[in-house]
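The values are calculated or read from the model by the stated rules, or taken from the named source; none is laboratory data. What you are looking at is a predicted structure, and each value in this text was computed from that prediction instead of being measured. Cβ atoms come from the backbone with ideal geometry, glycine included; neighbour counts cover every protein chain shown.
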Amino acid sequence: MALIQVNYLSQALFRTVPLNVILPADRFDADTDRYLNGKEHKYKTLYLLHGLLGNYTDWVSQTRIQKWAEEKNLAVVMPSGDNAFYIDAGTPWNDYGTLIGKELVEITRRMFPLSEKREDTFIAGLSMGGFGAIRNGIVYSETFSHVAGLSSAVHIFEDISGEDERGLFGDMEAASKTDKNPYVAVEEMLSAGRPVPRFYLACGTQDDLLQPNIAFRDFLQEKGIEVFWDEEDRGHDWDFWDSQIRKVLDWPPLE
């Protein structure tokens, strides 16, 4: 199992951006006497997003994702999303939604032996990253077949009184009516007849975000969308996310 740090010039952000990649490139098949990579094997891939105030190193340093990815023979791509909620901000060179949903997938598939099949491509995240995984998993549902949101910040449009202080969404009321809002993104996905991903949603029972996540779960189910729901007696912390990420890796169809 290789842990690779990548720095590349992003066209979406117009600057060099870092990411970590977990790649099971050293897995050896004794039957064929060769490594399982390249033309012989293309890996199923999880794009894994960090939360607010975090960066691309969080998942590796705070959880056992590397060990569990190796057990599953899964590639994991962990980018930096700054504090930008993984959306296109509407200002020059801050297209974080395009970065996650399009550019990152395309460039990592060129760099590494990753499967190009939708059924082999997943996205997940925690808190802000959970919002980003849900929103981009829906908007780019032709790319992602499985979406997992842990303690997701799906409450972001609940209070739309005034301008967003981070300057990301601009006028929150206007933004809430676009596909930056996961609820609207779901409606647009369904009306356009695009593929519908499967969802894994989880939140701690001591987390202030529990009720917004339950509400979003119920909304998806009302739309006839498949949702796996889990909760634990925990808060908004790494103990919960470490526990949950293993469950997430047990959820989609992995080797």
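General observations
- Residue check for Q244: closer than 22 Å to R135 by Cβ, without any contact (Cβ under 8 Å) to a residue 12 or more places away in the chain, touching a strand residue (DSSP E or B) at 6+ places or on another chain (Cβ under 7 Å) and not β-branched (V, I, T): no
- In the range 1-23, the count of residues that are over 27 Å from P182 (Cβ atoms) and at pLDDT below 95 is one or more.
- Being of a type in the set (S, T, Y) and under 18 Å from Y86 (Cα atoms) is true of T143.
- Of residues in the range 178-212 being part of a helix (DSSP H, G or I) and touching a helix residue (DSSP H, G or I) at 6+ places or on another chain (Cβ under 9 Å), the one nearest to T143 (Cα to Cα): M189
- Scanning the range 87-97 for residues that are out of contact with any strand residue (DSSP E or B) (no Cβ under 6 Å at 6 or more places or on another chain) and either among the polar types (S, T, N, Q) or surrounded by 17 or more Cβ atoms within 10 Å (Cβ to Cβ) (or both) turns up I87, A89, T91, N94, Y96.
- T45 vs. criteria modelled with pLDDT under 80 and among the β-branched types (V, I, T): no
- Residue list for the range 1-25, filter: assigned to a strand (DSSP E or B) and among the aromatic types (F, W, Y): Y8
- Condition check for D58: touching a strand residue (DSSP E or B) at 6+ places or on another chain (Cβ under 7 Å) and crowded, with 19+ Cβ neighbours inside 10 Å: no
- Scope the range 132-171; condition buried (at least 20 other Cβ atoms within 10 Å of the Cβ), modelled with pLDDT under 85 and aliphatic (A, V, I, L, M); matching residues: L168
- Out of G97, G204, G193, sole residue that is modelled with pLDDT of 95 or more, under 18 Å from the mean Cα position of the chain (by Cα) and not polar (S, T, N, Q): G97
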